[in-house]
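To keep things clear, I will list the structure first and then write my remarks on it.
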Amino acid sequence: MKKKFKISLHTYILIGLLLGAAFGSVFHISQYELEISSKASSEKINDWKEFRFLSGDSILRSFDGESQLGIIRYFKTLGDKKLKESLIAKVTLKSGEEKSYAEIKEITKVKTIGVLIKPIGDIFIRLLNMIAIPLVLASLIVGAASLSDLKHVAKVGGKTITIFMFTTVMAITFGLVAANIIKPGHYMPAETRDALMQTYQEEALTKVQQNVSVNIVDFFVNIVPRNPFKAMADGDFLQIVFFAVLTGVFLTQLPKEKADPVINFFDGISNGFITMVEKVMYIAPIAVFALISATVAEFGVRILSTLFMYSITVLIGIAALMLILYPTLIKIFTKIRVRDFYKALRPVMIVAFSTSSSAATLPLEMEVAEKKLGVPNRIASFVLPLGATINMDGTALYQAVATMFIAQVYGYDLNMSQQITVIITAVLASIGTAPVPGIGLIMLIIVLKSVGVPEEGIALIIGVDRFLDMCRTVPNIVSDSFTAVVIAKSEGELGPIKPD
Ligand code: ASP
């Protein structure tokens, strides 16, 4: 009899990822084309050798033929609509022909099918994010409440935070060691540094102006929400976590007949969302295809080669976490096979990589923890939402490497005590990083400020941030699942692992 060959969902997702990368690299966006849209029309230009922005007779800024991104970003950051429309763009093509454009509304890259399919991926990420906030709230309330009494919450909470802090500090140390050995900043020629600073300076400035607070007292004060509904509307995960844990903890103080209906209500919500995720995952292969295609098509691999040594340093650090730190700890603290652990987590890791968001990955992560890793609901629903918010090993490692890299490019070598400051501030910065794409880069500013490295230096690394964000989000979530398994084991509640 013929055996039915069944392909699992994660294999489809992986195929989607690989095909998406291939599709994006075939239909990649040209680095030498621009689309200039004015009120009346829109025109594509390529092969320009000089591009100047004029206001009246004076030249505001001039760019060469390599500066596609610089032109787009400069125009975007002009902000004022009137100013934009009063500008004239004078373009000299390589053929010698001169063109001029007035009343410009927008300057963009010329999009290809590789990027135009991105909305499919955006719907997927929106669906997961839509679930994430109410899920964090509901499951943490249930998680904290089901730890039955204050003493138990303090015990499990204490163990969880200790493991989170330990792995985060280890991750930062790995990052610092890798950056001290490889010294990626020493490989960057001054011309490349200046070119990157010029291309990304406006974008870096808008990030620096977000003015992240470095005041440690403010940091803790801000964790307490004034209004939990506003915290949810703003997606402020730290405040949501604080509110949910407190609510859950104090529900345990009520008589059972009063607490149970509330706990059951939130438990129903939490389970409902997890079921919803199961269905949402059916579109994952195609969504991942679209997301990866758009990223590869838009960012290409050229920038990776410019920042090769820096990217490699981050990747080596991440590999050390995934291949040395977690396996060793899994072996020491649980009896499960490392291979089975990673096998069960395959779909979770792929979704984390493609969405760059721990929050978007959380619903699937909870489902896998309960159904495959053998973590009971009451532990998964406490440890995982907490971890997705405050435990980010990949981000912390990346922030340490980035700080060392920028310092090295600027010619500072951070001494031992400065590197210890990096450990402390990167722990805080990673806790404060929201579990959504790109925030690790903004919180990096805290670490840079703490050791006096110029914040504008983030201009050097913005170009590869999207790719490194995808990579660092993977250990961010693996570390949470690992902690959930260890806590379940230490509570004597770890069920059998079912990796397939
Ligand atoms: N994207 C990361 C996450 O969601 C956060 C970051 O490092 O930007 O885990």
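For the chain, the longest principal axis of the Cα atoms and the long axis of helix 9-26 meet at an angle of about 10 degrees.
Multiplying the residue separation of Lys39 and Gln210 by 0.36 nm and removing their Cα-Cα distance gives an extension gain of 58.4 nm. Given a Förster distance of 35 angstrom, what is the FRET efficiency for Asp500 paired with Ser305, based on the Cβ-Cβ distance and rounded to 0.05? Using R0 = 35 Å, I get an efficiency of 0.35.
Modelled spin labels at Asp194 and Ser95, positioned 7 Å past Cα toward Cβ, are 3.3 nm from each other.
Between helix 393-409 and the chain there is an angle of about 30 degrees, using the helix long axis and the longest principal axis of the Cα atoms. Rolling a 1.4 angstrom probe over the range 294-431 with all protein chains present gives an accessible area of which 70% lies on carbon and sulfur atoms. With all protein chains kept in place, the per residue accessible area of the chain amounts to 44 square angstrom at a probe of 1.4 angstrom. With helices as the sole contributors, the chain gives -21500 deg cm²/dmol at 222 nm; each DSSP H run of n ≥ 4 counts as -39500 (n - 2.57), and the sum is divided by every residue.
Taking a straight line from the alpha carbon of Lys331, these aspartates and glutamates sit under 13 Å away, with near neighbours fewer than eight places off in the same chain left out: Asp340.
Converting phi to 3J(HN,Hα) with the Karplus coefficients 6.51, -1.76 and 1.60 and the offset θ = phi - 60°, the range 315-330 yields 5, 5, x, 5, 4, 5, 5, 6, 9, 10, 4, 5, x, 4, 5, 4 Hz in sequence order, with x at every glycine or proline. For Arg472, Arg337, Arg226, the ranking by accessible surface with the largest value first comes to Arg226, Arg337, Arg472, using a 1.4 Å probe. When restricted to Cα atoms, the range 436-500 yields an Rg and a Dmax of 17.7, 50 Å, respectively. The Rg/Rh ratio of the range 356-500, with both radii computed over alpha carbons and Rh defined as the Kirkwood radius, is 1.07. Summarised in one figure, the compactness ratio Rg/Rh of the range 395-434, Cα atoms and Kirkwood Rh, is 0.99. The fraction of all Cα pairs in the chain landing in successive 10 Å bins from 0 to the largest distance is 4, 18, 27, 25, 16, 7, 3, 0, 0, given as whole percents. Each Cα pair under 8 Å and six or more residues apart adds its sequence gap; the mean of these over the residue count of the chain is a relative contact order of 24 percent.
The C-alpha atoms of the chain define a longest principal axis, and helix 358-371 lies at about 30 degrees to it.
Kirkwood radius, the range 23-102, all distinct C-alpha pairs, inverse of mean reciprocal distance: 13.4 Å.
For the range 59-163, give the percent of accessible area contributed by carbon and sulfur heavy atoms, probe 1.4 Å, rounded to a whole number. On the range 59-163, the fraction of accessible area on carbon and sulfur atoms equals 61 percent.
The values are calculated or read from the model by the stated rules, or taken from the named source; none is laboratory data. Just so it is clear, the model here is predicted, and its values are computed rather than measured. Every residue, glycine as well, gets a Cβ built from its backbone with ideal geometry; the counts of neighbours run over all protein chains shown. With ligands, DNA and RNA removed, areas are computed over all heavy atoms of the protein, side chains included. Shrake-Rupley method; radii C 1.70, N 1.55, O 1.52, S 1.80 Å.
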